[in-house]
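Q: First the structure, which I've put down as structure tokens, then a few questions once you've had a look.
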Amino acid sequence: MAHIPAATLGNKNKKHFLGVPAPLGYVAGVGRGATGFTTRSDIGPARDANDVSDDRHAPPAAKRKKKEEEEEDDEDLNDSNYDEFSGYSGSLFSKDPYDKDDAEADAIYESIDKRMDEKRKEYREKRLKEDLERYRQERPKIQQQFSDLKRNLIAVSEDEWANLPEVGDSRNKKQRNPRAEKFTPLPDSVLSRNLGGEATTAIDGRSGLASMIPGVATPGMLTPSGDLDLRKIGQARNTLMNVKLSQVSDSVAGQTVVDPKGYLTDLQSMIPTYGGDINDIKKARMLLKSVRETNPYHPPAWIASARLEEVTGKLQMARNLIMRGCEQNPQSEDLWLEAARLQPPDTAKGVIAQAARRIPTSVRIWIKAADLETEPKAKRRVFRKALEHIPNSVRLWKAAVEMENPEDAKILLSRAVECCGTSVELWLALARLETYENARKVLNKAREKIPTDRQIWTTAAKLEEANGNIHMVEKIIDRALSSLSANGVEINRDQWLQEAIEAEKSGAIKCCQAIVRAVIATGIDEEDRKQTWIDDAENCAKEGAYECARAVYSYALTEFPSKKSIWLRAAYFEKNHGTRESLEALLQKAVAHCPQSEVLWLMGAKSKWLAGDVPAARGILSLAFQANPNSEDIWLAAVKLESENAEYERARRLLAKARASAPTPRVMMKSAKLEWALDNLDEALSLLEDAVRVFPEFAKLWMMKGQIEEQKDMLERAAESYNTGLRRCPNSIPLWLLLAALEEKRNLLTKARSVLERGRLKNAKNALLWLAAIRIEIRAGMKDMANTLMARALQDCPNAGELWAESIFLEARPQRKTKSVDALKKCEHDPHVLLAVSKLFWSERKLQKCRDWFNRTIKIDPDFGDAWAYFYKFELQHGTEQQQQELIERSNAAEPKHGEEWCKVSKNIANWCFKTEDVLKAVVRNLPTPI
């Protein structure tokens, strides 16, 4: 066995970490749970970095810093920051790290707080509102404190208003400052007069009068001794004025002329044109400069900079900037155009010429160059030069053609269609300039070049129609649809109908009708055809294309010949937009296809009657009797025809036959009305008594019976008739109103009030009954009671226009405008409210506004006769004869039937033969002028 040295054995038992420096952060004994400690000889901690630090051996400065931090923490946790409910106001954990769990907890707490806040929101807002109201009651505004006094100003008369003293009234000056001395300087004329009895032109400088002349004697300064010559002072003053005037005048033909306009122009040039903040200008200028320097190849920056300088009045700087921009960006159209705009006309030509050299393919630059030229010859030269560079520009060709005469334009267009073969406008323009034969050739070539455009086909159809080839029009349109479909073009019926409207506006009637017939049925489902065609006809009529509408109706009637609704619409269309002959021709076809339609027969008879052909009207009604025996409408139309033409015996016989064959309530009423109109009151009453026994539920019979009895002064029997009628017809508002008016006529106001009260109980929320009650109180002089009833009525019927209109004029004049605003908010489109507002403007002499509001009223409700009557009275006072006649024609076309004042005249039996114009003029005679 070999001998092993002892040193070798010692090295083998030696640990590998002995003599090796300790790892970073190593503390002996920590791994087995031992706690380190610190002695005076240690130079560092013998514990973990996360352990609580021991500051016993810290230096004094560190101790003071630590103590200050603890005191700051204690400030947040002392008793002054403590609340029993919410705890400390500070954060106990502000020093700790904020992790995801804290964020999640905060979000949850925030959502809970938000939810609780929403629960308490209504209570909080209610409490805030109550506190605010309480505060307003305790501390009212000055305006509220004087509200009672302001209301009392209504009682102040106009004389009292006129006698109120002004703030600077001279009558009160003496009272305000009784010690004030008056000072009035003496004029030169007084000074130059005889002072002291002898003529003198000088005053003593030491006298008191010298102090009144500015610059002669000044208190506190030495006054020159001796006399002052007033004549020399005046001469010196005149000389000074002449010098000043000569400086600002010029000599024209030996006269001195002062030009005040020149001074105004000079002064205007001195005023800066920009009225904004100078700091904003500086900021904008600095920002734009930064943009230009950062990217000098950005044209909008140069344009914005130039416009800023232009706005601020520095035009030369703007021109310099824009020219520098053009140097940096020579290919920018916008920059060159802006430069040309900023330059004066002579310089602009040079700028735009330079631009054309730099960008010869720019259409806008060439157009601008032509605009800068003043003579047509120069413009044509520019356009031809431009077309050399850009021969395919349609815009340039069109502009160039517009400058030429027809012959030269034709030559230019021949070249234009070669260069721009796909431009439909150029082809059509060339076709318009050519003769008929050449135009056909041009359009054929255009169809070859552009087989997908419909305008070429429609132009060809218009061309044939204009040259009398009517039979070719429909062929061309049909061929157009088949050719376009073959080339993959979708047939859009709306576009084709618009094309038909354009054709009609250009005078091509046959072309528009052919287009309508060709495309009207395209792309429509079977069940939608009728309504779609009616809508198409109405749209055409709205755009003024009446021939297109006729074509639509004609096609629809061929498809639906037995549809009464289409015949009626077509007839009304002819009545409004056609002639009497076209209407009668249409109605003849209509009654042939729909003989059971009474309306069509009656329209035909009325058309003949209005034309003065009474025998023809009788013939139509006789045919109508054969087609519709026992028809009430036809019987009554025949009676009206005879009575209107004073054939009263014929009318009586017709009514007797009608009562025998078709005894309806209307027939009975018309029979009684005819006798009443002819003043046969006993016969009328006899007929009405028979009628109410057979038809007791027809309220108009009871109304007529009561009115005839009133006319015969049988008031008790009239009241009995009304009461009996109300027991049978409790929902007839006119009956209630007639009974109330009768009781008022008998001076039984209490009974009248009772009648209207019972009427309101039977018919709740009825504005007319409320209005009648209010007017009874007004006529009785009980204005306070009327106001009370009006308040109750508006609560019961808040959207009743009749009540709001009446309430406007119940108010005093200063409050009417406010009341009208409230009425318009509640009933914006009610004709009664609009009429009241019109009358209000009339009373304030705002004539144009009044006329506008009257037009608005009759547009909303043309059947409202009162609006027509007031409007006509207004035009009689403030309009011309032409306006008055135009209004009469409009009212005759509208044929109004309703309105309180209107019905007073039109329903009066004495006016039973009145036409619309007669009624209008009769109503106007009884209308008061609004005040």
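Q: Simple spin-label model, 7 Å along Cα-to-Cβ: residue 521 to residue 812 in nm?
A: Label at residue 521, label at residue 812, 7.5 nm between them.
Q: In debye, nearest 20: dipole of the stretch 451-551 around its Cα centre with unit charges on the Cβ of K, R (+) and D, E (-)?
A: Roughly 380 debye for the stretch 451-551.
Q: Just to confirm, what accessible area per residue do you get for the stretch 301-419 at 1.4 Å probe, in whole Å²?
A: Per residue, the stretch 301-419 has 52 Å² of solvent-accessible surface.
Q: Here is a follow-up. Fully extended, how many nm does the chain gain between residue 278 and residue 107 (0.36 nm per residue separation, minus their Cα-Cα distance)?
A: 56.7 nm
Q: Highest mean first, how do 827-838, 487-498, 759-770 rank when packing is the count of other Cβ atoms within 10 Å averaged over residues?
A: Highest mean packing first, the order is 827-838, 759-770, 487-498.
Q: Would you mind working out the accessible area per residue for the stretch 451-551, using a 1.4 Å probe, and quoting it in Å²?
A: With all protein chains present, the stretch 451-551 gives 48 Å² per residue.
Q: Place a +1 charge on the Cβ of each Lys and Arg in the stretch 278-419 and a -1 charge on the Cβ of each Asp and Glu, then give the dipole magnitude about the Cα centre in debye, rounded to the nearest 20. The partial results should precede the final answer.
A: Numbers: 25 positive and 18 negative charges, 65 e Å.
Roughly 320 debye, rounded to the nearest 20.
Q: Only four residue types carry charge here, +1 at the Cβ of Lys and Arg and -1 at the Cβ of Asp and Glu. Report the dipole size of the stretch 841-930 about the Cα centre in Debye, rounded to the nearest 20.
A: My answer is approximately 200 debye.
Q: Once a ≥ b ≥ c are taken as the square roots of the eigenvalues of the Cα gyration tensor of the stretch 401-477, is the result rounded (a/c under 1.5), prolate (a/b larger than b/c) or oblate (a/b not larger than b/c)?
A: oblate
Q: Residues of the stretch 782-821 with backbone nitrogen within less than 19 Å of a virtual label 7 Å along the Cα-to-Cβ line of residue 163, please, listed as ranges.
A: none
Q: With every protein chain present, what accessible area does residue 746 have (1.4 Å probe, heavy atoms only), rounded to the nearest 10 Å²?
A: About 50 Å², rounded to the nearest 10.
Q: Right, here's the next one. I'd like the FRET efficiency for residue 142 and residue 751, computed as 1/(1 + (r/R0)^6) with the beta carbon distance as r and R0 of 45 Å, rounded to 0.05.
A: 0.30
Q: Over the stretch 318-464, what relative contact order in percent results from Cα pairs under 8 Å that are six or more residues apart?
A: Contact order relative to length: 12 percent.
Q: Now a separate question. For the pair residue 419 and residue 909, how long in nm is the line joining their label points, each one 7 Å along Cα→Cβ?
A: Once both label points are built, they end up 8.8 nm from each other.
Q: From the Cα gyration tensor of the stretch 451-551, with a ≥ b ≥ c the square roots of its eigenvalues, which class applies: rounded if a/c is under 1.5, or else prolate if a/b is larger than b/c, or else oblate?
A: Here the stretch 451-551 falls in the oblate category.
Q: Could I ask something else about it? If I compute solvent accessible area with a 1.4 Å probe over the protein chains, what percent of it on the stretch 278-419 is carbon and sulfur?
A: Of all accessible area on the stretch 278-419, carbon and sulfur atoms account for 53 percent.
Q: Could you give the accessible area per residue of the stretch 793-931, probe 1.4 Å, as a whole number in Å²?
A: Result: 51 Å² per residue.
Q: Here's something else I'd like to know. Carbon and sulfur: what percent of the stretch 783-931's accessible surface (1.4 Å probe)? Working shown, then result.
A: On the way: 3830 of 7750 Å².
Result for the stretch 783-931: 49 percent of the exposed heavy-atom area is carbon or sulfur.
Q: Follow-up question, since we're still on this one. Work out, step by step, the length gained on full extension between residue 765 and residue 779: first 0.36 nm times the residue separation, then minus their alpha carbon distance; give nm to one decimal.
A: Length gained, residue 765 through residue 779: 2.7 nm.
Q: With a Förster radius of 60 Å, plug the Cβ-Cβ distance of residue 347 and residue 479 into 1/(1 + (r/R0)^6) and report the FRET value to the nearest 0.05.
A: Here the calculated transfer efficiency is 0.55.
Q: Just want to confirm a number: the relative contact order over the stretch 791-931, from Cα pairs under 8 angstrom separated by 6+ residues, in percent.
A: 18 percent
Q: Right, something else. Classify the stretch 467-511 as rounded, prolate or oblate, taking a ≥ b ≥ c as the square roots of the eigenvalues of its Cα gyration tensor: rounded when a/c is under 1.5, otherwise prolate if a/b is larger than b/c and oblate if not. Don't jump to the answer; show the numbers that get you there.
A: Values: a/c = 3.60, a/b = 1.33, b/c = 2.70.
Oblate is the answer for the stretch 467-511, as a/c is 1.5 or above yet b/c matches or exceeds a/b.
Q: So, with a 1.4 angstrom probe, what is the percent of accessible area on the stretch 451-551 that is carbon and sulfur?
A: Carbon-and-sulfur percentage of accessible area, whole number: 43.
Q: Something else: Rank these by accessible area, largest first, 1.4 Å probe: 661, 393, 562.
A: Reading off the accessible areas and sorting them downward yields 562, 661, 393.
Q: Another question, then. Less than 20 Å apart at the alpha-carbon level, and either on another chain or at least 8 residues along: which lysines does that give for residue 608?
A: 575, 589, 640, 915
The values are calculated or read from the model by the stated rules, or taken from the named source; none is laboratory data. Note that the coordinates shown come from a computational prediction; the quantities given were computed from them, not determined experimentally. Because the Cβ atoms are built from the backbone with ideal geometry, glycine has one as well, and the counts that use them run over all protein chains shown. Ligands, DNA and RNA are stripped out before the accessible areas are found, and what is left, the full protein with its side chains, is counted by its heavy atoms. Shrake-Rupley method; radii C 1.70, N 1.55, O 1.52, S 1.80 Å.
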